[in-house]
Amino acid sequence: MADETNQTTTAAKPKATAKAAPATKQKADPKPTETKAATSQPAKADGEKTEAKGPKMVIRITAKPREGFRRCGFHHPSKAVDHPEGRFSADQIKVLKAEPNLVVHDL
């Protein structure tokens, strides 16, 4: 009889765990819906220029050496790369502009 009680108790625990899992999924569903509603924008009228989505690009960096060049924690390739606002601090931008192996343009 003691064995039957242990089996019943063991069987009841997984059922409680199974019920808790769907509740977690339900909480995650409303967030994507809210995000979609917040990001939708009204259609632009004909002739109006639409802005590209994403972060604002503020500097373009090109390395002079063919193999690229490392500075401020980044590898800068020999082809131009646009970097978003906030990627580098003001002090880092000063260092990048002072570096003779890099060409830095403000956008």
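The values are calculated or read from the model by the stated rules, or taken from the named source; none is laboratory data. Note that the structure is a prediction, hence the values are computed from the model and not measured. All Cβ positions, glycine included, derive from the backbone under ideal geometry; neighbour counts span all protein chains shown.
Residue 27 versus (1) under 23 Å from the mean Cα position of the chain (by Cα); (2) modelled with pLDDT of 95 or more; (3) of a type in the set (Lys, Arg); (4) in a helix (DSSP H, G or I): which is the lone unmet condition?
Going through (1) under 23 Å from the mean Cα position of the chain (by Cα); (2) modelled with pLDDT of 95 or more; (3) of a type in the set (Lys, Arg); (4) in a helix (DSSP H, G or I) one by one, residue 27 breaks only (2).
For residues in segment 95-107 being of a type in the set (D, E, K, R) and surrounded by 12 or more Cβ atoms within 10 Å (Cβ to Cβ), which is farthest from residue 65 (Cα to Cα)?
97
Residue 88 versus (1) over 21 Å from the mean Cα position of the chain (by Cα); (2) in a loop (DSSP other than H, G, I, E, B): which is the lone unmet condition?
(1)
Assess whether residue 67 counts as being at pLDDT below 95 and either of a type in the set (Asp, Glu) or not in a loop (DSSP other than H, G, I, E, B) (or both).
no
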